[in-house]
Every structure is written in structure tokens, then in C-alpha cells.
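See below for the structure under consideration.
The values are calculated or read from the model by the stated rules, or taken from the named source; none is laboratory data. The structure presented is a predicted model; accordingly, all values stated were derived computationally and were not measured. Because the Cβ atoms are built from the backbone with ideal geometry, glycine has one as well, and the counts that use them run over all protein chains shown. All accessible areas refer to the heavy atoms of the entire protein, side chains included, with ligands and DNA or RNA removed. Shrake-Rupley method; radii C 1.70, N 1.55, O 1.52, S 1.80 Å.
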Amino acid sequence: MFKNKILKANKGIMISDALIAMLIILLFSGIVIALITNITVEKTKISQNSMIIDFATKMLEYVEKLPYADVTEENLINYVNSKNLEHISAGRTTDNLTTEYRVIVNVENYNQTEGNTDKYDFIKIVTITIESSLEGKANSIQFSKIKKANMKEVETILNNLRTE
């Protein structure tokens, strides 16, 4: 009987009940929006890194196909810039690069590195650095490849050294 009196006295939702419900909904919707935002940012980062890795792989495959003598900074920079990609440009430094993805190319002869100046020029170290930014944060990924002269190229280099 006491239960019936309470149920009859209950005349609906009070304003305080509605406010508490709205606060709970706002709290959870803020969390959901934050999660969606973070997921979107991470998805963009993954997409960006995937594109960078794909492009770097193509560049390194190009280096592998080139004859040893043609592996130079100029040739690799020209390769990137000849692709006419609106988001990617290459150079020795980022000073003049204004695109979203900036490729810095460095080709170093192994015999020019410290402690190896007495060696012959049979190995080149190709370093490709791709810089980008997302949400104002700079991102830089570096790839390196060693290009070795094949036997014919070694013979040519040695013959050129003998004739000098």
C-alpha cells in the first residue's frame, strides 16, 4: 500500500533529474567526440606514413636500377622533381622546398667517410629524408641504401685509376 502512494505521488521527471541526465549525456558525448577526433588523426598519420614509405621504396628501387656512376644527388633530385607530384619536391636542403612533403637527398661515397679515405670508390651510401608536418608537428623519416658497384663497374673504375 505504501508503494502505491509513492507511485501515485510521482508526477514525472523533476528538473534536477533532467539536468543530471543532460550532464551525463554531455560528458559521454565529449568523450566520444574526443575518441573520434583521435582516431581520425591517427588514421591520417598512418595514411601519410604509408604514402611516404611507398614513395621512398620507389626511390630506392630506382637507385637499385641505376648504374653505379649515375647514382648522384642531381639524378635523384631530378627523378623526384620530374614526377610532377604536387605534394612532393626534392633538394639537398629544405630551404627552397615549399611542398607538403620535402625530400632531402644525400649521396656519399664510402671512401669519403671518416676512416675510409684509403678505400676505393666502389660503394655509395644513399640517404633519403622525407619531411612533412601534420597539425603543426614536424615529422621526418630517413631511409638509407648502400649502392655497390657491380663487377663490370669495378673493372671500369680500376681501369680508370690505372690510366690516371
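3J(HN,Hα) along region 17-26: 4, 5, 5, 5, 4, 5, 4, 5, 4, 5 Hz, from the Karplus curve 6.51 cos²θ - 1.76 cosθ + 1.60 with θ = phi - 60°, whole Hz, x for Gly and Pro. Ratio of Rg to Rh for the chain: 1.47 [Cα atoms; Kirkwood radius as inverse mean 1/r over pairs].
Solvent exposure of region 59-111 amounts to 56 Å² per residue of accessible area, where only protein heavy atoms count and the probe is 1.4 Å. Label zone of K152 (point 7 Å out along Cα→Cβ, amide N under 15 Å): in region 45-66 this covers 65-66.
Normalising the average separation of contacting C-alpha pairs (under 8 angstrom, six or more residues apart) by the number of residues puts the relative contact order of the chain at 14 percent. A Cβ-based charge dipole, computed about the Cα centre of the chain with Lys and Arg at +1 and Asp and Glu at -1, lands at about 1480 debye.
Give me the percent of the accessible area of the chain that comes from carbon and sulfur atoms, probe 1.4 Å, all protein chains in place.
Working: 7030 of 12010 Å².
On the chain, the fraction of accessible area on carbon and sulfur atoms equals 59 percent.
Over all directions, the projected convex hull of the C-alpha atoms in region 75-164 averages 8.0 nm² in area.
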